[in-house]
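Worksheet: the structure to be examined is printed underneath.
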Amino acid sequence: VAPDRLRFDFSHMKPMILKDISDEIGMHESTLSRVSNSKLILTELGVMPLKNFFSASISGSENSELHAASAVRETIKNLISKGIEIIFESGIGDGIHVGDQTFIDLGAKPVSRESCFSDAEIILTPSPIDDHEVKQIAGGKTLMGMVNPFDNQELLKNLCDSNINLVSMEFVPRITRAQKMDVLSSQANLAGYVAVIESSSLLSSAMPMMMTAAGTLKPARVFVIGVGVAGLQAIATAKRLGARVEAFDTRDVVEEQVQSLGAKFVKIDLGETGETSQGYAKELTDEQLAKQKELQSKVCERSDIVITTAQLFGRPAPRIIDNSTIKKMKRGSVVLDMAVESGGNVEGSKVDEIVEVDGVKIVGISNLASKVAGHASYALSNNFNNWLLEFYDEESKNIRFDFEDEIISSSVLVFDGEVKNERFK
Ligand code: NAD
């Protein structure tokens, strides 16, 4: 092989791989490391041990409104240090004020969105991809990310038909070992923070109590309904801003957590409610829901801000505030429906709109976490990174799809052309 035909840069390759290639083509390693080659030429020559490379591509989101950078400096650096070749969708960091050059300097390569799908062993994505994009991925490769499988069952079918594996990060189990990969928690936590900031900015009063020469200004009253990850952060944020905070959840195990944040737990006896083995709330009966609405409406009446976070995993969110409650609330108060994208907790709430009913603002904001895109990307990227590195085998340069492992069996929804998760079969 004439060195001038070699155009691919070998200089970053691990010595072991370099040696394999040089043995194959009978060229000394030192010569090889100085010249370049293209993968294509090597493949034609039958000497490119493609399976000895592992590349990950990081794509952005087609929806530019989303924060969508599942790439940040720290994680790219980390993956490259493990010998993983990284390509990324050019401009992916624009939304978080990070230019391509930052990633290039770390050794990653900017490519088109199409190349992200066609040129990597594993494709990381912060949002579901389109059908035509699935066609760009070769069989046997892996798509990993936030794909909202409940609302995208067609995507699962297409991936299955094309023999593309799917890691759905939403299905990382809620066990201690997997906390570092839990995308739902990392994003819900930030969403809870943003919910308070956004709703407080719509009030005509301040949040904390202030003793001023002009009189004592009362603190705002905040009521948080649903105390999961988002609710807890909403309580903590409202407390930090000085509000008086009350909270309710159908899972009474959260009472202690609410109190430990300095808020008051509203007791509503709904009888048997319970939670699933993953800690999720069970659906209430119609009678329980009616009772909840009636008793919590008294708390809504005295609140300046009501933030609803009630969700049911895999099902539409429960409708827990209706118009009769809104009509009893004070003019100027704010109801922020954090479940607006999954069916809505509040009657009349609309995605990305503020609907006013009798002077009460009903607020629905999509993808709240994207309002703090830098932190959302940082957390998301770490979650992805932690999954990848947990199962990446440096020796074989491949992912260990060991279905004995609880994290794999829960988060890998499609493998080898087969839907693995019972819920989607
Ligand atoms: P979620 O987003 O599914 O729901 C939000 C909250 O709404 C939940 O607390 C739920 O109980 C509540 N809710 C449902 N119906 C309601 C109703 N009618 N009225 C009032 N509240 C209602 O929940 P999430 O934030 O994903 O958290 C679910 C659970 O998982 C929590 O117990 C959380 O602490 C736990 N968790 C555990 C881990 C871990 O161990 N690794 C990680 C994250 C979350």
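The values are calculated or read from the model by the stated rules, or taken from the named source; none is laboratory data. Just so we're clear, the structure is a prediction, and the values are computed from it rather than from any experiment. All Cβ positions, glycine included, derive from the backbone under ideal geometry; neighbour counts span all protein chains shown. SASA here: full protein model, heavy atoms, side chains in, ligands and nucleic acids out. Shrake-Rupley method; radii C 1.70, N 1.55, O 1.52, S 1.80 Å.
Just a few scattered comments:
- Checked against (1) open to solvent by less than 10 Å² (accessible area, probe 1.4 Å); (2) not in a loop (DSSP other than H, G, I, E, B), Gly344 meets all criteria but (2).
- Complete set of residues in the stretch 207-227 that are more than 9 Å from the ligand (Cβ to nearest atom) and open to solvent by less than 10 Å² (accessible area, probe 1.4 Å): Ala220, Val222, Phe223, Val224
- The numbered conditions (1) open to solvent by 30 Å² or more (accessible area, probe 1.4 Å); (2) at pLDDT 90 or above; (3) closer than 23 Å to Pro128 by Cα; (4) not acidic (Asp, Glu) are all true for Gln101 except (3).
- Candidates are the residues of the stretch 311-339 that are within 12 Å of the ligand (Cβ to nearest atom) and outside any loop (DSSP other than H, G, I, E, B); the one that is most open to solvent (accessible area, probe 1.4 Å) is Arg315.
- Residue, nearest to Pro316 (Cα to Cα), within the stretch 147-170, restricted to residues that are without any contact (Cβ under 8 Å) to a residue 40 or more places away in the chain and among the aliphatic types (A, V, I, L, M): Val147
- Counting only residues that are open to solvent by less than 20 Å² (accessible area, probe 1.4 Å), touching a residue at least 40 places away in the same chain (Cβ under 8 Å) and within 19 Å of the chain's Cα centre (by Cα), the stretch 380-410 holds 8 of them.
- Matching residues in the stretch 246-276 - criterion: being more than 9 Å from the ligand (Cβ to nearest atom), within 30 Å of Glu406 (Cβ to Cβ) and not in a loop (DSSP other than H, G, I, E, B): Asp252, Glu255, Glu256, Val258, Ser260
- Only one entry in Gln179, Gln101, Gln187 is within 14 Å of the ligand (Cβ to nearest atom), part of a helix (DSSP H, G or I) and free of Cβ contacts under 8 Å to residues at least 40 places away in the same chain, namely Gln179.
- Against the list (1) away from the ligand (no atom under 16 Å from the Cβ); (2) touching a residue at least 40 places away in the same chain (Cβ under 8 Å); (3) touching an Asp or Glu at 6+ places or on another chain (Cβ under 7 Å), the condition Lys141 fails is (2).
- Annotation note: Cβ proximity below 6 Å between a residue of the stretch 315-331 that is closer than 25 Å to Thr273 by Cα and a residue that is open to solvent by 70 Å² or more (accessible area, probe 1.4 Å) (sequence gap 6+ or interchain) occurs for Ala317/Gln311.
- Pairs, first without any contact (Cβ under 8 Å) to a residue 12 or more places away in the chain in the stretch 339-361, second outside any strand (DSSP E or B), C-beta under 6 Å, six or more apart: Val355/Gly348
- Scanning the stretch 229-245 for residues that are part of a helix (DSSP H, G or I) and under 13 Å from Val306 (Cα atoms) turns up Gly231, Ala234, Ile235, Ala238.
- Only listed residue being over 19 Å from Arg251 (Cβ atoms) and within 15 Å of the ligand (Cβ to nearest atom), chosen from Gly344, Gly348: Gly344
- Being within 13 Å of the ligand (Cβ to nearest atom) and either small (Gly, Ala, Ser) or under 25 Å from Ser366 (Cβ atoms) (or both) holds for only one residue in Ala236, Ala243, Ala230, and it is Ala230.
- Looking only at residues in the stretch 277-310 that are near the ligand (Cβ under 9 Å from one of its atoms) and of a type in the set (Ser, Thr, Tyr), the one that is farthest from Arg331 (Cα to Cα) is Tyr280.
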